[in-house]
Amino acid sequence: MANEYHVCYCVDKDYEKYAVVSIISLLLNSKINPEIHIIHSDLADKKKLKIAEKLFKKKFKYYLAEDSEFYGLPILGGYSVYYRLLAPRIFPKKIKKILYLDCDTIIEGDLSGLFSVDLHGKALAAAEDINMIKLDLKNFKKRLGIPKNGSYFNSGVMLLNLDFFRKKNLSKKIIDFMKKNVEKIVMHDQDGLNAVLHNDWIILPEEYNFICSPFWDFSKAKNSAPKIVHFAGIKPELLKIISPQNIYCKKYYKYFSMTPFQKEKVSNKEIIRMIKRLYDVLFKSKFFY
Ligand SMILES: [Mn+2]
């Protein structure tokens, strides 16, 4: 029988090391044996990913992304943040649903239950972005046309109904929306997805996308056992400086230490970039109005 578990990452050269750490945790802890699909555009030798392939005697599937249709959209480092929107088109039609994971995640538990979530003719299943809701980033509901009783999901972990996307040409609709409303887009594809699909997604429990940030999750972090931890906003290297005892920080470094690139030093420049990114998001929030 063909593999029914498909997992997708979008990787660029800055995020390749995170992807490898996430894949190691996925293959150790998820209790599924997924086919791994990588969308990328600038990985010449895939040196780090090949280490993971060797470690698990597994071959990943690679797909080359085209940036051109994203020209004009806001970016952080590159366009890879939008590549997940290519999934419905880029993957073979026989793949009907796929779990998209951000590179900055680690998998701590069984994911077979997640794959059996019934999508009920919806576009995707994802967890609410508690942090963004709390920060109320530039009045997100009004800004993105989300109804008052609607919510907002984090696009770092999504069970995607590829068939639904294909039938309704949703990726194109989302890209068109973002292009027409560039001034409204703060959180990249995540804003586009939430705006266009506000009626078409299912809420997943927080355990499938536990956003790790020392600002608001400390007490919770001690008691819960999430299946997917997401270093959104605050990267492990930064967490290690601010809060080295954080249990998820320790877990990240446990998997990181299994790689041959564990000795690579993080430059001060990189750390400064991480801090800058974090502040960029915070300064856009109502806390700083
Ligand atoms: Mn992320």
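I'm told ILE275 meets every condition in (1) among the β-branched types (Val, Ile, Thr); (2) under 20 Å from SER151 (Cα atoms); (3) at pLDDT below 90 except one. Can you identify the failing condition by its number?
Every condition holds for ILE275 apart from (2).
Across the stretch 74-83, which residue is nearest to the ligand (Cβ to nearest atom) among those that are at pLDDT below 95 and not polar (S, T, N, Q)? Spell out the reasoning first.
Taking the stretch 74-83 as the starting set, the residues that turn out to be at pLDDT below 95 are 74-81.
Filter once more, so that each one left must be not polar (S, T, N, Q): 74-79, 81.
Numbers: PRO74: 16, ILE75: 15, LEU76: 11, GLY77: 13, GLY78: 15, TYR79: 16, VAL81: 9 Å.
Across the stretch 74-83, the extreme among qualifying residues is VAL81.
Would you tally the residues in the stretch 232-260 being buried (at least 20 other Cβ atoms within 10 Å of the Cβ) and of a type in the set (S, T, N, Q)?
1
Let me confirm something: among HIS188, HIS198, which residue is surrounded by fewer than 23 Cβ atoms within 10 Å (Cβ to Cβ) and either on the phi > 0 side of the Ramachandran plot or within 16 Å of the ligand (Cβ to nearest atom) (or both)?
On the way: HIS198 fails: either on the phi > 0 side of the Ramachandran plot or within 16 Å of the ligand (Cβ to nearest atom) (or both).
It is HIS188.
Would you check if there is a residue in the stretch 168-183 being among the hydrophobic types (A, V, I, L, M, F, W, C), in contact (Cβ under 8 Å) with a residue 12 or more places away in the chain and either in contact with a Ser or Thr (Cβ under 8 Å, 6 or more places away or on another chain) or within 16 Å of the ligand (Cβ to nearest atom) (or both)?
No - not one qualifying residue is present in the stretch 168-183.
Taking GLU69, is it within 28 Å of LYS180 (Cα to Cα) and either within 16 Å of the ligand (Cβ to nearest atom) or within 18 Å of the chain's Cα centre (by Cα) (or both)?
Values: within 28 Å of LYS180 (Cα to Cα): yes; either within 16 Å of the ligand (Cβ to nearest atom) or within 18 Å of the chain's Cα centre (by Cα) (or both): no.
Criteria not met by GLU69.
I need every pair where a residue in the stretch 100-123 that is on the phi > 0 side of the Ramachandran plot has its Cβ under 9 Å from the Cβ of a residue that is in a loop (DSSP other than H, G, I, E, B), sequence separation at least 6 or different chains.
That search, which allows pairs on different chains as well, returns GLY121/ASP200.
Pairs please, first residue from the stretch 254-266 and within 11 Å of LYS17 (Cβ to Cβ), second anywhere and of a type in the set (Lys, Arg), Cβ atoms under 7 Å, 6+ apart in sequence or on different chains.
Pairs that qualify, where the first residue is within 11 Å of LYS17 (Cβ to Cβ) and the partner is of a type in the set (Lys, Arg), are PHE261/LYS17; PHE261/LYS48.
Of the residues that sit in the stretch 84-113 and are within 16 Å of the ligand (Cβ to nearest atom) and among the β-branched types (Val, Ile, Thr), which one is nearest to ALA65 (Cα to Cα)?
Ranking the qualifying residues of the stretch 84-113, first place goes to THR105.
Are there any pairs, at least 6 apart or on different chains, whose C-beta atoms fall under 9 Å, with the first in the stretch 15-43 and modelled with pLDDT under 95 and the second surrounded by 20 or more Cβ atoms within 10 Å (Cβ to Cβ) and of a type in the set (Ser, Thr, Tyr), and if so, which?
The qualifying pairs are TYR15/TYR9; TYR15/SER80; SER41/TYR79; SER41/SER80; SER41/TYR83; ASP42/SER80.
Hey, ILE24 hits all of (1) surrounded by 15 or more Cβ atoms within 10 Å (Cβ to Cβ); (2) of a type in the set (A, V, I, L, M); (3) out of contact with any Phe, Trp or Tyr (no Cβ under 8 Å at 6 or more places or on another chain) but one; which does it fall short on?
(3)
Run TYR62 past the list (1) within 30 Å of PRO260 (Cβ to Cβ); (2) within 16 Å of the ligand (Cβ to nearest atom); (3) among the hydroxyl-bearing types (Ser, Thr, Tyr) and report the number of the one that doesn't hold.
Checking TYR62 against (1) within 30 Å of PRO260 (Cβ to Cβ); (2) within 16 Å of the ligand (Cβ to nearest atom); (3) among the hydroxyl-bearing types (Ser, Thr, Tyr), the one that fails is (2).
I'd like the residue in the stretch 149-167 that is among the aromatic types (Phe, Trp, Tyr) and within 16 Å of the ligand (Cβ to nearest atom) and, out of all such residues, is farthest from GLU206 (Cα to Cα). Working first, answer last.
Step one: filter the stretch 149-167 for residues among the aromatic types (Phe, Trp, Tyr), giving 152-153, 164-165.
Filter again for within 16 Å of the ligand (Cβ to nearest atom), leaving 152-153.
On the way: TYR152: 13, PHE153: 11 Å.
In this case the residue turns out to be TYR152.
How many of the residues making up the stretch 110-123 are under 22 Å from CYS212 (Cα atoms) and crowded, with 16+ Cβ neighbours inside 10 Å?
2
Kindly provide the set of residues from the stretch 233-252 that are out of contact with any helix residue (DSSP H, G or I) (no Cβ under 7 Å at 6 or more places or on another chain) and not charged (D, E, K, R), ordered by number. Break it down stepwise before answering.
Here is the first cut: in the stretch 233-252, the residues out of contact with any helix residue (DSSP H, G or I) (no Cβ under 7 Å at 6 or more places or on another chain) are 241-242, 244-245, 250-251.
Matches in the stretch 233-252: ILE241, ILE242, PRO244, GLN245.
The values are calculated or read from the model by the stated rules, or taken from the named source; none is laboratory data. Worth saying up front: this structure is predicted, and the values here are computed from it rather than measured. Don't worry about glycine lacking a Cβ; one is built from the backbone with ideal geometry, like all the others, and counts go over all protein chains shown.
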